[in-house]
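Reading through the structure tokens given below for one structure.
The values are calculated or read from the model by the stated rules, or taken from the named source; none is laboratory data. Because the structure is a prediction, the values reported are computed rather than measured. Neighbour counts run over all protein chains shown; Cβ positions are idealised from the backbone, glycine included.
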Amino acid sequence: MSMGFLRRVLGPDPAAHARLERAAAAVDRELAANIELSAMFDQTHQAVIFENGEFTRNAAALEAATAAFALVSDVYRRIPSTEDAMERRGPANSLRPDDRVLIETWEGDAREAQRALRAAVAAPPPSGWSLLLGRLRGGRQTGR
């Protein structure tokens, strides 16, 4: 029996959860700032550069929240194409319809990523018994 499994059965690691909370809060703030920049772009039509330092710094801690991590990493992966869409201009400083859709989709997905991060931090960790029963049944138990 591995020590990692025994540690999970005995209960959640408070230090790991605290790291997840700090990482999620930092990335949540960064996403909020990026969403605000996107709103400023909507008003001024001046291209902006999004922040990505907190995600880069906290990616390892966020991997514990697998579903939220997938959403957040996808949003950050799409930052360069979103910034490029903001820089492209048509006649009279207009945006192409497909660029507008790309920017608005990114903004909506960033908001969804924030909600997923907050839910991951608020979710109770799986109980030791749930993990043990799942292991005995031959799979991973997803219930709480």
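Among the residues of region 50-76, the one identified as of a type in the set (S, T, N, Q) and not in a helix (DSSP H, G or I) is Asn52.
Among the candidates Ala25, Ala113, the residue that is assigned to a helix (DSSP H, G or I) and in contact with a Leu (Cβ under 7 Å, 6 or more places away or on another chain) is uniquely Ala113.
Out of everything in region 5-22 that is outside any loop (DSSP other than H, G, I, E, B) and more than 16 Å from Ala122 (Cβ to Cβ), what residue ends up being modelled with the highest pLDDT? Checked region 5-22; the qualifying residue modelled with the highest pLDDT is Ala15. Flag not set for Phe41, criterion: at pLDDT 95 or above and of a type in the set (Phe, Trp, Tyr). With respect to the conditions (1) assigned to a loop (DSSP other than H, G, I, E, B); (2) under 22 Å from the mean Cα position of the chain (by Cα); (3) not basic (Lys, Arg), Ala47 lacks only one, and its number is (2).
For region 62-75, the condition of being in contact (Cβ under 8 Å) with a residue 40 or more places away in the chain and over 14 Å from the mean Cα position of the chain (by Cα) holds for none of the residues. Scanning region 85-100 for residues that are part of a helix (DSSP H, G or I) and either touching a residue at least 60 places away in the same chain (Cβ under 8 Å) or surrounded by 13 or more Cβ atoms within 10 Å (Cβ to Cβ) (or both) yields Ala85, Met86, Asp99, Arg100.
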